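Working notes for the structure below.
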Amino acid sequence: MKRIITLFAIIGLVAFSGCTNEDNVDSDTIAEVIEINGVNFNSSNGFRIRYDLKPEIYPQDMVLVYRLVAVENGVKVWGTLPETAFDNNGAYDFSYNFEFSKYDVDIFIQGFDLGSIISNLRLNQTFRIVIVPGYFSKTLDTNNYISVMKALNLKENQVQQIRL
């Protein structure tokens, strides 16, 4: 009987020795990029859109948002949010900004007289939401979209496309 108990004890020790839950670092989370096309900011949506994160992200994860500011020779140029915009005549001064929780990302514009912003800066905008695993957040140059994609080992064909 002692041999059977000893055998079960050894089997149990071997079976459960690799099972720990000391994962305080979010190193197994995969980075993700979502491109949202056709974003229109107007008074009916409060100059704000919301993207629900499914599944929700971990509390230590970080979210970055970029706006498509130009296409030069077929290459997309991305600007980091928050971004301030204005025209040469001073007719408008506003900013694109965002907020996020582990459940969603809100992208919005803020400023005075938002309805007077010319349509090509309010309508049909394109944004990229980049979900960065918590363990990467301290080592990234978040102002450079290309650097972020390289550091996270993400390719353009991995970007999820969403049309509003």
Self-check item: Inter-label distance for N37 and K54, nm, one decimal - labels placed 7 Å from Cα along Cα-to-Cβ
Solution: 2.1 nm
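Based on the mean of other Cβ atoms within 10 Å per residue, sort peptides 67-74, 127-134, 140-147 so the most packed one is first.
Details: 67-74: 11.1, 127-134: 21.1, 140-147: 13.8.
Top to bottom by mean Cβ count within 10 Å: 127-134, 140-147, 67-74.
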Quiz prompt | Distribution of pairwise C-alpha distances over the range 44-164, 10 Å bins, in % | solution = 11, 42, 34, 13, 1
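Laboratory data are not the source of any read-out in this text; all were calculated from the coordinates shown. Since the structure is predicted, the reported quantities are computational estimates derived from the model, not experimental observations. Ideal geometry is used to build each Cβ from the backbone, glycine not excepted, and the neighbour counts take in all protein chains shown.
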